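Since the structure comes first, as structure tokens, the remarks are kept for the end.
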Amino acid sequence: MSIARRGGVDSVILLSGSAGNNPGVYAGTVDPSAGGGVAAKEGSVYLRYGAGAGQIWYKTAAADTGWTQSDPSASATVREIPSEKWVQNNVAASQSNVDLSALVSTSFDTFKAIRAGSIVGLSTKLTEAITDATADSLIVAVTINGATGTLAISHNSGGNASGGEATQASGIDTFIAGDELGVELTTLGTFAPTTTDLEAAIELEF
């Protein structure tokens, strides 16, 4: 590691070698994207300080002006798999939009959201593989306040016979604080075996 001084920049800490070949951590009062910019390798960081400044910039392009300022108001995306799971033992045939039972809670079959977000993942497991080849023999879907959501997994003997996983983008199955999240299933009359047990889990994004 070496420390150098460069025109327009108070100081720079280079990770190794020379400034032209390696990323570095720069500090100064100038706007690195203005005028002629600040020469640095892509991946470098620029710490701008001064009255009312206090900014972090990242070198995102080859040009000397190719710096992007970090947005301090942007929050990181957080994904969480709640500890709650949903189950139905001895899954019966000919069910329509039947809510699964909560595995953890002994009082409620839904999970109450603490903050706004989206349901972005769903997974299922079955103790015995499905033997019915009919399409959509079993469909497991998420619910929000009792309404069927978009995210769902279709099962039959040819696909997801022992369970499956599905994901979707944030912003589709959205919820707000206080909404009740759950999981439901639908089975055809041909569904088998009716001795299999089902467990489901969801993934949330905030």
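Remarks
- With R₀ set to 22 Å, the beta-carbon distance separating SER162 from ALA93 gives a calculated FRET efficiency near 0.75.
- For region 100-172, the list of trypsin sites (Lys or Arg not before Pro) that fall in a loop by DSSP and count at most 13 other C-beta atoms within 10 angstrom reads ARG115.
- Rg and Dmax of the chain, based on Cα coordinates, read 26.6, 77 Å.
- When the chymotrypsin sites (Phe, Trp or Tyr not before Pro) in region 78-182 are filtered for DSSP coil states and for at most 13 other beta-carbon atoms within 10 Å of their beta-carbon, the remaining sites are PHE108.
- The ranking of ASP179, ASP132 by Cβ neighbour count inside 10 Å, starting from the fewest, reads ASP179, ASP132.
- Of all lysines in the structure, the ones whose alpha carbon falls short of 21 Å from that of LYS59, not counting any fewer than 8 places away in one chain, are LYS41.
- Taking a sphere under 12 Å around the Cβ of SER162 and counting the other residues whose Cβ falls inside, with K and R at +1 and D and E at -1, yields a net charge of -3.
- Estimated at 0.36 nm per residue, the fully extended path between ARG79 and SER101 surpasses their Cα-Cα distance by 5.6 nm.
- The HN-Hα couplings worked out from phi for region 102-110 by the Karplus form 6.51 cos²θ - 1.76 cosθ + 1.60 (θ = phi - 60°) are 5, 8, 8, 5, 9, 10, 9, 9, 10 Hz, whole numbers, x standing for Gly and Pro.
- GNM flexibility winner over the chain from GLN168, GLN55, GLN95 (Cα, springs under 10 Å): GLN55
- Net charge, LEU188 excluded, C-beta distance under 13 Å - Lys, Arg +1, Asp, Glu -1: -2
- Förster-model FRET efficiency, 25 Å R0, THR60 and THR29, C-beta, rounded to 0.05: 0.75
- Positive minus negative residues near GLY121 (Lys, Arg vs Asp, Glu; Cβ under 11 Å): -4
- Value of relative contact order over region 79-205, rounded to a whole percent, pairs C-alpha under 8 Å and six or more apart: 45
A short reminder: the numbers here are calculations on the coordinates, not readings from a lab. Since the structure is predicted, the reported quantities are computational estimates derived from the model, not experimental observations. Note: ideal-geometry Cβ built from the backbone for every residue, glycine included; neighbour counts use all protein chains shown.
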